[in-house]
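Accompanying notes for the structure given below.
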Amino acid sequence: MGLEFDDAFIQAEEHRPKPSISEAGGIPVIDLSPIIAGEGEAFSGLVAEVGSACKNWGFFQVINHGIDGKVLERIHAAAREFFALPLEEKRRVRRGEDNPLGYYDAENTKNVRDWKEVFDFVTNESAELPATEEPGEKRTDVFWNQWPEYPPEFRDVCKEYSKEVEKLAYKLVELISLSLGLSAKRLSSFFKDDMNFIRLNHYPPCPEPQLALGVGRHKDGGALTVLFQDDVGGLDVRRKNDGEWVRVKPIHNSFIINVGDIIQVWSNDAYESVEHRVSVNSERERFSIPFFFNPAHYTNVKPLEELTSEENPARYEEYNWGQFFKARKNSNFKKLGKENVQIYHFKKALLAN
Ligand code: OGA
Ligand code: NI
């Protein structure tokens, strides 16, 4: 394997995983089959279930989501084949300072190196981002996907997967919208000109799993994440009611859904984006595939008017999503020696806690 353990991977003591983490009392599991009806008692029950999972956990698993298991098998196999290639081959599609898409094996989360390698692509073949982080920046840069030559079916399989998972993400956002008392399509309109982004994660066996993490603790910056994981396990979620880390037990052919920072801001903190991380182990490699449902780069994110009032004023200043994304990407690419951008930086001063 390409990764070699050194000090750069070592987490501060308070962030290291405990030797055993409970899978008990974990995130809710929601059966999505009432979606087919689209109305009626079972459907209202589903909306309520999604609402309470978002409020109490920020995370849930979905089953009967309508995506064929074969689609999942195909992308899992493609990821396995790609990451098994020699490093020189993978580096032919390497992410660089000037293109955030492609292969990368030296990502940092909060300035500590992650024990993983990744392949990133956008579902629209190219992505537009603001040229700088200057307020009011109008210039943009365009980035293109970098597809590897091997395995030959890689691109088609990724495309097939992204089409399916995107449909599911829209359904989930409709359920979330309804659960907030909004119309079904209220949030969907933000995803015209979306910047949806898929990451293939490979976590090789790690010789020091008690010192390192596959991904350090973080919150997802986008609107919603739809994650496929294999049966190895390792995703830990910070439980809201007591702050304990709990391991998400893999359920075959299910997806893990979590609210991202943007839904937290839109909902004015009714739903919170919850911290999570990935623990690694010394025996089995693990694969996971998050789909990040992101609005267009020009979206200015702020609490929705319908969800604020005199008694519940907006808790955030408006910020530009493209610039937020860009700043995050840069800090994950190389150690910047400062804290990376977080939504609490936009919390209104009077209310900051
Ligand atoms: C991420 C992430 C979790 C996992 O890539 O943002 O949280 O299980 N991944 O790989
Ligand atoms: Ni994440």
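The values are calculated or read from the model by the stated rules, or taken from the named source; none is laboratory data. Predicted model only: the values in this text are computed from it and were never measured. Positions of Cβ are backbone-derived with ideal geometry, glycine not excepted, and every protein chain shown enters the neighbour counts.
Below are the figures for this structure:
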quantity	calculated
Any hit, the stretch 172-182, residues being among the β-branched types (Val, Ile, Thr) and surrounded by fewer than 21 Cβ atoms within 10 Å (Cβ to Cβ)	no
Filter result for Glu283 (among the acidic types (Asp, Glu) and either within 16 Å of ligand 2 (Cβ to nearest atom) or in a loop (DSSP other than H, G, I, E, B) (or both))	yes
Flag for Trp245 being touching a Phe, Trp or Tyr at 6+ places or on another chain (Cβ under 9 Å) and not polar (S, T, N, Q)	no
Selection count, the stretch 222-239, where residues are more than 17 Å from Val62 (Cβ to Cβ) and surrounded by fewer than 23 Cβ atoms within 10 Å (Cβ to Cβ)	4
Hits in the stretch 168-200 - residues which are free of Cβ contacts under 8 Å to residues at least 12 places away in the same chain and within 17 Å of Ile63 (Cα to Cα)	none
Every residue from the stretch 286-303 that is part of a loop (DSSP other than H, G, I, E, B) and either of a type in the set (Phe, Trp, Tyr) or surrounded by fewer than 17 Cβ atoms within 10 Å (Cβ to Cβ) (or both)	Ala296, Tyr298
All positions within the stretch 200-217 that are within 16 Å of ligand 2 (Cβ to nearest atom) and surrounded by fewer than 19 Cβ atoms within 10 Å (Cβ to Cβ)	Arg217
Selection status of Ser33, among the hydroxyl-bearing types (Ser, Thr, Tyr), over 18 Å from Phe287 (Cα atoms) and touching a strand residue (DSSP E or B) at 6+ places or on another chain (Cβ under 7 Å)	no
Qualifying residue in the stretch 322-339 (condition: in contact with a helix residue (DSSP H, G or I) (Cβ under 9 Å, 6 or more places away or on another chain), within 16 Å of ligand 2 (Cβ to nearest atom) and closer than 29 Å to Gln229 by Cα)	yes
Hits in the stretch 15-33 - residues which are among the acidic types (Asp, Glu) and modelled with pLDDT of 95 or more	Asp31
Subset of the stretch 135-148 that is out of contact with any strand residue (DSSP E or B) (no Cβ under 7 Å at 6 or more places or on another chain) and over 19 Å from Pro100 (Cα atoms) - its residue that is surrounded by the fewest Cβ atoms within 10 Å (Cβ to Cβ)	Gly136
Strands (runs of 3 or more DSSP E) within the stretch 188-273 that include 3 or more residues within 15 Å of ligand 1 (Cβ to nearest atom) and hydrophobic (A, V, I, L, M, F, W, C)	197-203, 224-229, 255-259
Only listed residue being in contact with a helix residue (DSSP H, G or I) (Cβ under 9 Å, 6 or more places away or on another chain) and either away from ligand 2 (no atom under 16 Å from the Cβ) or touching a residue at least 40 places away in the same chain (Cβ under 8 Å) (or both), chosen from Glu311, Glu317, Glu305	Glu317
